[in-house]
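K.L.:
Here it is, the structure in full.
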Amino acid sequence: MATRTDAPTRREQILREAARLFADRGFHGVGVDEIGAAVGISGPGLYRHFTGKDAMLAELLVGISGQLLTGAKRRLQEADGVAPGSVLDSLIEGHIDFALDDRPLITLHDRELDRLRESDRKLVRQLQRQYVELWVGVVREVYPGLGEATARSAVHSVFGLLNSTPHLGRTGSLPGRGATAALLHRMARGAFAAAE
């Protein structure tokens, strides 16, 4: 979502507004008419793009989990032959981009994951486990003194830190994207170093 630079498609516009509305008022607090109005189409017009709100929620949560994993794999491929510390920095930067640019999806995941069909929820968890394990491998290269279980706990802790962005206040109240990203990056590296 946040990594694209071309104009969003109608489907992407719908998903972005659905994520924002669901995060603001909860999944059951938003109707299809409101989502449609947010993108300038009728509520029933949404059914040309999605079978319903459940399908939107599934695409949002499965989609972002898949995007995070794909982005991390791409960063690893691009970093072939680069020092492990730089690879970890790249992974942290990618997750910070998500945490700052897709804040409604973090809230949505925290509140609404249990509303997904079991098969979609399992897929989200599977993608997330792969994402975590990718990080664990890199973290253990940078901090070889960490055992696997400790590295995994550290990765989850850093995700918790980075994914706290919805609680930092309104976007305009932050010290600026660059300063916030730099602070989060320092804190993530500090947390990994402290784990060792």
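K.L.:
To the nearest 0.05, what FRET efficiency results for TYR47 and GLU196 with a Förster distance of 45 Å applied to their C-beta separation?
P.N.:
0.30
K.L.:
For the chain, report the accessible area per residue in Å² (1.4 Å probe, heavy atoms, rounded to an integer).
P.N.:
I get 51 Å² per residue for this part.
K.L.:
Hey, rough spin-label estimate for GLU34 and HIS185, points 7 angstrom out along Cα→Cβ, what's it come to in nanometres?
P.N.:
Those two pseudo-labels are separated by 3.7 nm.
K.L.:
Now, a different point. Tell me the angle of helix 148-162 to the major Cα principal axis of the chain, expressed in degrees between 0 and 90 and rounded to the nearest ten.
P.N.:
That helix lies at roughly 50 degrees to the long axis.
K.L.:
Contact order normalised by length for the chain, with contacts defined as Cα pairs under 8 Å and 6 or more residues apart; what percent is it?
P.N.:
That works out to 22 percent.
K.L.:
What are the ³J(HN,Hα) couplings of region 128-136, residue after residue, when phi is run through the Karplus curve with 6.51, -1.76, 1.60 and θ = phi - 60°? Round to Hz, x for glycine and proline.
P.N.:
For region 128-136, the Karplus curve yields 5, 4, 5, 4, 4, 5, 4, 5, 4 Hz.
K.L.:
Let me ask you something else. Counting Lys and Arg as +1 and Asp and Glu as -1, what is the net charge of the other residues whose Cβ lies under 12 Å from the Cβ of ALA18?
P.N.:
Once positives and negatives cancel, what remains is -2.
K.L.:
Mind checking the full-extension length gain between LEU168 and ASP110? Use 0.36 nm per residue of separation minus the Cα-Cα distance, one decimal, nm.
P.N.:
Additional length available on full extension: 19.3 nm.
K.L.:
Moving to a separate point now. Need one value: the accessible area of LYS122 in square angstrom, 1.4 angstrom probe, rounded to the nearest 10.
P.N.:
130 Å²
K.L.:
Out of all Cα-Cα pairs in the chain, roughly what percent, to the nearest whole number, are more than 25 Å apart? Working shown, then result.
P.N.:
Values: 7687 of 19110 pairs.
Roughly 40 percent, rounded to a whole number.
K.L.:
Whenever you get a sec, compute what percent of the accessible area on the chain sits on carbon and sulfur atoms (1.4 Å probe). Don't skip to the end; give the middle numbers.
P.N.:
On the way: 5230 of 10090 Å².
C and S atoms contribute 52 percent here.
K.L.:
Taking the Cα centre of the chain as origin and charging only Cβ (+1 Lys, Arg; -1 Asp, Glu), how large is the dipole, in debye to the nearest 20?
P.N.:
200 debye
K.L.:
Follow-up. Go through 114-121, 90-97 and give me the packing order, highest mean Cβ count within 10 Å leading. Before the final figure, lay out the partial values.
P.N.:
Details: 114-121: 13.0, 90-97: 19.1.
Ranking, from highest mean packing down: 90-97, 114-121.
K.L.:
Shifting gears a bit: In nm, what is the difference between 0.36 nm times the number of residues separating ARG11 and LEU76 and their Cα-Cα distance? Don't skip to the answer; put the middle values down first.
P.N.:
Details: separation 65, 0.36 × 65 = 23.40 nm, distance 2.94 nm.
Gain on stretching ARG11 to LEU76: 20.5 nm.
K.L.:
Helix 177-195 against the longest principal axis of the chain: what's the angle in degrees, Cα atoms only, rounded to the nearest 10?
P.N.:
Once rounded, the angle reads 50 degrees.
The values are calculated or read from the model by the stated rules, or taken from the named source; none is laboratory data. Source: prediction; values computed, not measured. Cβ coordinates were reconstructed from backbone atoms using ideal geometry, including for glycine residues, and neighbour counts include every protein chain displayed. Side chains included, ligands, DNA and RNA excluded: accessible areas come from the protein's heavy atoms. Shrake-Rupley method; radii C 1.70, N 1.55, O 1.52, S 1.80 Å.
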